[in-house]
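Rule-based calculations on the coordinates, nothing more; no lab input. Predicted model, so just to flag it, every value in this text is computed and none were measured. FYI the Cβ positions are ideal-geometry reconstructions off the backbone, even for glycines, and counts take in every protein chain you see.
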Amino acid sequence: MQKPTAIKAIETETSSSFYAYLTRLRWIKRWGLKRNAHDENVMEHSWEVSVLAHTLALIKNRYFNGCVDANAVATAALYHDITEVITGDLPTPIKYHSEAIRTAYKQIEKQAEIELLKLLPDRLRADFAALIHQDTLPEEHKQIIKAADKISAYLKCQAELKAGNLEFETAAEELALRIAESEQAEVMFFMQAFAPSCGLTLDGLMKTY
């Protein structure tokens, strides 16, 4: 049996704990004020939002004459909740309870962005700053990511309701209303073309072939 080769030493300007922090997103639970039938962590949520945002961007381009960099949108979406590795996931009812709390939390998020960027080697900071500083993203990208975030939350609520968990009933209704009020054509397209099948069982999905 061949012995594993040692990792080649490469001179670096510094050591970084940035990625070590990222991996801990898997331990940050979402929907903390509700009883969950299926636990969801920030890492898996970030992946889902990234996939949804990528799909929304492509729909916008192919069906509604958009000109969006779908890959850039997907990458930014992967990092949209990165600050929660420091702040934790503050439940939406608390985050928006008052203007004072919302403003204070925004300031905490901004500081968390700065602290995370400090963990990176100098030559990588500008690249990651373009992803992590949410306020500096192109407005079109931000809108798509926010829409993907809402759809992800909606699908989570539907899965909980399907499991008989009425804790998510009000959240599901509010999210459905907010999505229905969206003026983004790509969102309406997704909800009609893709969302309905997300509630099917595996046997139900197999029958759709």
**Message:** What whole-number distance in Å separates the alpha-carbon centres of the range 164-207 and the range 74-131?
**Reply:** 27 Å
**Candidates 116, 56, 166: whichever shows maximal mean-square fluctuation once the chain is modelled as a Gaussian network with Cα springs under 10 Å** = 166
**Asked** Hey, in the GNM for the chain with a 10 angstrom Cα cutoff, which one of 54, 38, 133 fluctuates hardest?
**Response** 38
**Radius of gyration, Dmax [the range 18-193; alpha carbons; angstrom]** = 16.4, 50
**Prompt:** At what distance in nm do the modelled label points of residue 122 and residue 135 sit from each other, each positioned 7 Å from its Cα along Cα→Cβ?
**Reply:** 2.6 nm
**Request:** Let me know the longest stretch in the chain that avoids all GluC sites (Glu not before Pro) found in a DSSP loop with at most 16 other C-beta atoms within 10 Å.
**Result:** 14-180
**Complete:** Here, residue 174 and residue 17, labelled 7 Å along Cα→Cβ, have an inter-label distance in nm of 3.5 nm
**Request:** Mind checking which lysines have their Cα closer than 26 Å to the Cα of residue 150? Skip sequence neighbours fewer than 8 apart in that chain.
**Result:** 29, 34, 60, 95, 106, 110, 142, 162
**Prompt:** Taking 0.36 nm per intervening residue step and subtracting the Cα-Cα distance, what contour gain separates residue 26 from residue 198 on full extension?
**Reply:** 59.6 nm
